[in-house]
Amino acid sequence: MAKNNPRFVKKKSAPQSFHAGGSIGLIIAAIIMVAGIAGIYKWMVIPALENDRAKAPSGLAANGKGDDSNSGDQQQKLIKSTGSNLDSTTINASGIPINNDAWGQVTSQYPEFYASNDVPKYQIDLTKKWYEIAAKAWGNYGPTEFWIVGNSQSEAIKLTDQYCELRIKKGQNISKTDCIKGHSFVDYSKFGGAGLSTFRNNWDNWSGFVVGISSKPPPEVDDYKVIILHEYFHVYQHAHVFSKDDFERDSRNKKNPWWAEGGAEYMAQLLYSKQNGVNSSYLKSAMKSKLNSLSQLGSNVNIKNIPYDDEKTHIAYDIGAWFIAFLIYKTNEETYRVKFFKNLNEMGFEKSFMNSFGSSSDKLLEEFHYKFLKLSTEDMLKIIP
């Protein structure tokens with residue numbers, strides 16, 4: 001789940017089977033620090049340095065395609081963050097200052113990683129690795145924080161305290177009471193889950209993304225890696241809406257989960273399936289499993305009408321992922337991931353949708369529900385690469 005300007009929002013992940021398978025300021029190296037609250041490890045993993053500033057993974061280009069070419073408008077998009085994340089000044093690749101608000105521009109700034117004391121180093125390294133895979137594929141956006149929660153409730157409480165202290169330190173107008181309102185890292189330690197909080201408003205000094213990751217599912221299974229990719233695709237989605245006004249931001253998305261969650265889920269599964277060592281049948285198997293939700297959908301229920309926090313929410317995730325696969329099959333991945341999101345901020349959701357896919361969202365949803373989903377499982381799976 002991705003939320004605008006939340007306190008901290010817990011996402012209840014859609015039911016799925018487990019597949020086996022800085023500190024604010026300058027950080028000089030990949031280090032472990034005991035920061036703030038006793039017993040809390042702050043992990044800032046910086047693979048390389050440039051002018052004593054954090055930068056994105058080596059080989060991560062401005063176009064998000066893993067090459068280092070910086071010609072034309074790509075060069076204008078590659079920016080570097082100077083100083084802290086609080087109110088960064090940015091420069092383009094030619095060293096020319098641009099405005100302080102670099103929202104939506106591909107950046108060389110590496111995320112901040114935080115973890116509770118019971119989270120092992122290999123899990124943090126694994127989280128970092130799968131963030132880097134996502135950033136190379138889709139572009140590096142930020143500022144971004146990752147908060148990794150283990151299974152200890154007492155350590156989760158300490159991590160929550162540090163999280164709230166950091167919000168205030170970064171100039172966010174928020175009390176500790178409001179910070180932990182609703183859901184906290186304790187929920188992650190008890191029940192699992194993951195989520196993105198997007199902070200973007202007119203009253204705080206800091207805009208950025210906060211990704212929360214639990215240890216349920218455990219890092220040993222495929223789903224842990226897919227969840228990291230899923231949450232980072234939410235970063236990609238939100239980075240393409242620039243306004244600080246909640247109403248304007250919400251107008252460029254869909255209130256219910258079929259679009260945002262379906263997109264994040266399919267793109268995560270698709271990218272994971274392309275990685276070395278992943279079984280060639282993985283994607284078809286994962287998408288076939290999601291079709292089990294069809295029996296729970298109901299004959300006259302459209303996925304666009306299923307809300308969050310509903311007994312059928314997981315259906316919107318699963319069948320929403322199929323709708324994105326359906327769109328990509330009718331066009332191509334570039335049309336969905338690049339063209340639609342490139343025009344989203346200026347055109348708004350429906351105009352960008354029609355410009356990209358040649359029809360209204362309602363019309364294509366109708367075709368999807370009443371034609372495509374009536375096909376046999378074998379025929380539906382033919383659209384999955």
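For Asn305 and Asp246, the FRET efficiency from 1/(1 + (r/R0)^6), where r spans their Cβ atoms and R0 equals 22 Å, is about 0.45.
Mind running the shape call on segment 98-203? Use the C-alpha gyration tensor, a ≥ b ≥ c as the square roots of the eigenvalues: rounded below 1.5 for a/c, prolate if a/b tops b/c, oblate otherwise.
Values: a/c = 2.25, a/b = 1.19, b/c = 1.89.
Oblate shape, in that a/c is at least 1.5 and b/c is the bigger or equal ratio.
Between the beta carbons of Asn202 and Lys351, assuming R0 = 30 Å, the FRET efficiency works out to 0.75 to the nearest 0.05. What does the charge count near Leu381 come to, summing +1 for each Lys or Arg and -1 for each Asp or Glu among other residues with Cβ under 10 Å from its Cβ? Here the count lands on +1.
Listed by chain and number, the aspartates and glutamates placed with their C-alpha closer than 19 angstrom to that of Lys158 are Glu112, Asp118, Glu145, Asp178, Asp187; residues fewer than eight positions away on the same chain are left out.
Net charge near Leu297, counting Lys/Arg +1 and Asp/Glu -1 over other residues with Cβ under 10 Å of its Cβ?
Details: positive: Lys312; negative: Asp318.
With Lys, Arg at +1 and Asp, Glu at -1, the neighbours total 0.
Sort 255-261, 294-300 for me by packing, meaning the mean count of neighbouring Cβ atoms within 10 Å per residue, highest on top. Provide the component values of the computation, followed by the final result.
Details: 255-261: 22.3, 294-300: 11.0.
In decreasing order of mean packing, 255-261, 294-300 become 255-261, 294-300.
Sorting Glu248, Glu231 from the fewest to the most surrounding beta carbons within 10 angstrom yields Glu248, Glu231.
Across segment 256-383, C-alpha contacts under 8 Å between residues 6 or more apart give a mean separation that, scaled by the residue count, equals a relative contact order of 29 percent.
Could you pull out the pairs from Lys136/Lys254; Lys254/Lys330; Lys290/Lys351; Lys129/Lys342; Lys284/Lys382; Lys254/Lys304 whose alpha carbons sit more than 18 Å apart here?
Details: Lys136/Lys254 27 Å; Lys254/Lys330 21 Å; Lys290/Lys351 29 Å; Lys129/Lys342 27 Å; Lys284/Lys382 9 Å; Lys254/Lys304 8 Å.
From Lys136/Lys254; Lys254/Lys330; Lys290/Lys351; Lys129/Lys342; Lys284/Lys382; Lys254/Lys304, over 18 Å: Lys136/Lys254; Lys254/Lys330; Lys290/Lys351; Lys129/Lys342.
The calculated FRET efficiency for the pair Val338 and Asp178, based on their C-beta separation and a Förster distance of 51 Å, comes to about 0.85.
Each value in this text was obtained by applying a stated rule to the coordinates, not by laboratory testing. Note that the structure is predicted; figures quoted are calculated from it, not measured. Cβ sites come from the backbone with ideal geometry, for glycine too, and all protein chains shown count toward neighbours.
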